[in-house]
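These notes concern the structure reproduced below.
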Amino acid sequence: MLSKKLQDAFNEQMKNEFFSAYLYMAMAGYFQSEDLPGFANWMRIQALEEMTHGEKFFNFTCETGGRTNLLPLDGPQNDFASPVAVFEAGLKHEKFVTASINNLMNMAVKDKDHASQIFLHWFVTEQIEEEANFSLILKKLQRVAGDGRGLLMLDQELGQRVFVPPGTGGAQA
Ligand code: FEO
């Protein structure tokens with residue numbers, strides 16, 4: 001059984017995950033407007049992944065006798081100075097999510113809530129991958145720096161990403 005404090009924090013994290021989907025769709029919209037469909041594809045798939053993350057918190061809260069509370073989402077940033085600026089913002093956001101997951105884990109440990117700790121382990125591992133994916137693409141973009149041909153090659157690469165639901169191997173960059 002979730003403590004009231006952890007239940008509230010899980011609802012807050014559910015909002016963070018659904019907001020992530022909203023943010024990455026906004027980034028996909030930016031890339032569409034820049035005629036970079038491969039980058040847009042990568043972001044759309046990232047948004048789908050985030051929806052599954054939010055759903056995990058929804059399901060776990062229900063299964064452990066908690067009460068879900070869908071909180072209002074803020075409007076995401078829609079305009080960016082460059083593809084580099086998008087991935088800088090994405091990496092910054094993922095670091096925020098990592099910090100909030102770690103905070104939830106600390107709360108679950110304090111509560112001696114073993115079920116929540118096991119549930120959160122998946123997210124701790126996932127956040128390593130999330131940060132690594134954003135960081136790698138950011139580095140590639142920085143290396144390309146203004147070279148249009150390099151940018152188009154990267155766009156083609158990111159256009160290959162497909163959505164793999166969690167638990168069936170995970171989606172990679
Ligand atoms: Fe669900 Fe990208 O963190």
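The values are calculated or read from the model by the stated rules, or taken from the named source; none is laboratory data. This is a predicted model, so every value here is computed, not measured. Please note: Cβ atoms are built from the backbone with ideal geometry, for glycine as well, and neighbour counts cover all protein chains shown. These accessible areas exclude ligands, DNA and RNA; they are computed on the full protein's heavy atoms, side chains included. Shrake-Rupley method; radii C 1.70, N 1.55, O 1.52, S 1.80 Å.
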For PHE163 and ASN59, extending 7 Å from Cα along the Cα-Cβ vector and measuring point to point gives, in nm, a value of 1.5 nm
Rounded to the nearest 10, the angle in degrees between the Cα long axis of helix 114-144 and the longest principal axis of the Cα atoms of the chain comes to 10 degrees
Count of lysine pairs, region 4-158, Cα-Cα under 18 Å, sep. 8 or more residues or interchain, comes to 12
Longest principal axis of the chain (C-alpha) makes with the long axis of helix 148-158 (C-alpha) an angle, in degrees to the nearest 10, of 40 degrees
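Between ILE118 and ASN78, 0.36 nm times their residue separation minus their Cα-Cα distance comes to what? Intermediate values should be presented prior to the final figure.
Numbers: separation 40, 0.36 × 40 = 14.40 nm, distance 3.55 nm.
Value of the extension gain: 10.8 nm.
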Residues whose built amide H sits under 5 Å from the amide H of VAL164, excluding neighbours closer than 5 in sequence, are ALA171
Per-residue ellipticity at 222 nm attributable to helices in the chain (runs of n ≥ 4 DSSP H, -39500 (n - 2.57) apiece, nearest 500 deg cm²/dmol) works out to -26000 deg cm²/dmol
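Can you tell me what the convex hull of the Cα atoms of region 4-158 projects to on average, as an area in nm²? Spell out each step's value before the answer.
Details: hull surface 35.3 nm².
Directional mean of the projected Cα hull area for region 4-158 stands at 8.8 nm².
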To the nearest 10 degrees, the tilt of helix 4-33 (Cα long axis) against the first principal axis of the alpha carbons of the chain is 10 degrees
Counting only DSSP loop positions in region 69-173, the trypsin sites (Lys or Arg not before Pro) whose Cβ has at most 13 other Cβ atoms within 10 Å are LYS112
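Given a 1.4 angstrom probe, what's the average accessible area per residue across region 62-157, in square angstrom? Don't skip to the answer; put the middle values down first.
Details: 5790 Å² over 96 residues.
Using a 1.4 Å probe on heavy atoms only, each residue of region 62-157 averages 60 Å².
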